[in-house]
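Since every read-out is calculated from the coordinates, none of them should be taken as a lab result. Computed from a predicted model, the values in this text were never measured in an experiment. Cβ placement follows ideal geometry from the backbone for every residue including glycine, while neighbour counts extend to all protein chains displayed.
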Amino acid sequence: MSETSGKFLALGGADDPAVKAVVARALELVSDGARIGLGSGRASHAFIKALGARVQQGLRVQGVPTSVSSEHLALELSIPLIDLTEDIELDLTIDGADEVAPNLDLVKGWGGALVRERVVASASKRQIILVGPEKLVQTLGERGRIPVEVIPLAVGLVTRKLKKLGLAPKIRQKDGRDVVTDNGNVILDCAPLKVISDGRAARELEARILEMAGVVDTGLFLGTAERVLIGNKDGSVDERVVKS
């Protein structure tokens, strides 16, 4: 059971003023001829729908989806899709996040598409994140869980090692069954038992987790975002950019 269509944002539907505003701002960053990473989740899907409308009006773009659900939506809207070959570099990726720290470090993956989101972000010159203000945190893990994607064979081993790092892992389930990602893996949602104090601590934690055999990736996206667009209920957009 895939969860790639899960909620990345607590923003409302496409008619919500916050969603409309943040999507409109994101569209301003898309130039004719751009190659775009298409994120997953509610706001990302609202962006894909708006982008599809612009394509119908003549905008030329090519997209790379971060999930099966985003791929299906893009195809429905006749957005041309391409494969990530060795010669392809994307101009930007528009995606969501589950937490945004003051330095723009992120937690992603509550919707289950973290591995493909990582690949697409890594293939992009810029990563633009769309969120609501409820996703802004002081420290990563503040909202309760950091996803870790693991191959099924390694769940027991990785669980034991994660506990030694001060995390409380729990296999993600839906309707009483383990959630399976688009890649055929499972997700361990890890609640930090102590505060991840700063960016350095987050990077140390990420490195320790990635050393574990069987771990595919983590939901810690550290230093990947160029800017974060924050949609507010009054229709305004706040913008945070990585400090040079």
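Between the amide H of GLY63 and those of ILE36, LEU81, ILE82, distances stay under 5 Å, these residues lying 5 or more places away or on another chain, with hydrogens modeled in the peptide plane. Pairs over the 27 Å Cα-Cα cut-off, from the set LYS125/LYS194; LYS20/LYS194; LYS108/LYS170; LYS135/LYS194; LYS164/LYS243; LYS49/LYS125: LYS125/LYS194; LYS20/LYS194; LYS164/LYS243. In order along segment 85-102, phi translates into HN-Hα couplings of 7, 5, 9, 9, 10, 7, 6, 6, 10, 10, 8, x, 7, 9, 8, 10, 7, x Hz, rounded to whole numbers, per the Karplus curve 6.51 cos²θ - 1.76 cosθ + 1.60 with θ = phi - 60° and x for Gly and Pro. Exposure proxy for GLU142, GLU28: other Cβ atoms within 10 Å of each Cβ, ordered fewest to most, give GLU28, GLU142.
Against the chain, whose longest principal axis comes from its Cα atoms, helix 199-210 is set at around 70 degrees. Largest GNM mean-square fluctuation among GLU76, GLU117, GLU149, using the chain with Cα springs under 10 Å: GLU76. Across the options ALA154, VAL179, VAL195, the greatest Cα extent toward the positive end of the charge dipole of segment 146-218 (unit charges at beta carbon of Lys, Arg, Asp, Glu) belongs to VAL195. With Cα atoms defining each centre, segment 168-212 and segment 123-159 are spaced 7 Å apart in the structure.
Summary of the geometry: segment 15-41 and segment 62-105, compared by the centres of their Cα atoms, lie 11 Å apart. Its Cα gyration tensor gives segment 146-218 an equivalent ellipsoid; the semi-axes, largest first and in whole Å, are 21, 13, 11. Taking a quarter of the surface of the Cα convex hull of the chain gives a mean projected area of 13.1 nm².
When +1 charges are put on Lys and Arg Cβ atoms and -1 charges on Asp and Glu Cβ atoms, the dipole computed for the chain relative to its Cα centre reaches about 700 debye. Couplings for segment 31-44, taken from phi via the Karplus curve 6.51 cos²θ - 1.76 cosθ + 1.60 with θ = phi - 60°, read 9, 4, x, 6, 9, 10, x, 9, x, 10, x, 4, 5, 4 Hz in order; Gly and Pro are left as x.
Ranking LYS243, LYS49, LYS125 by Cβ neighbours within 10 Å, fewest first, what do you get? The fewest-first ordering by Cβ neighbours comes to LYS243, LYS125, LYS49. Across the chain, C-alpha contacts under 8 Å between residues 6 or more apart give a mean separation that, scaled by the residue count, equals a relative contact order of 25 percent.
For a quick check: sort GLU71, GLU89 by the number of other beta carbons within 10 angstrom, fewest at the front. Intermediate values should be presented prior to the final figure.
Values: GLU71 21, GLU89 10.
The most exposed by this proxy come first: GLU89, GLU71.
Once you keep just the Cα pairs under 8 angstrom separated by 6 or more residues, what percentage relative contact order results for segment 164-222? Once normalised by length, the contact order is 28 percent.
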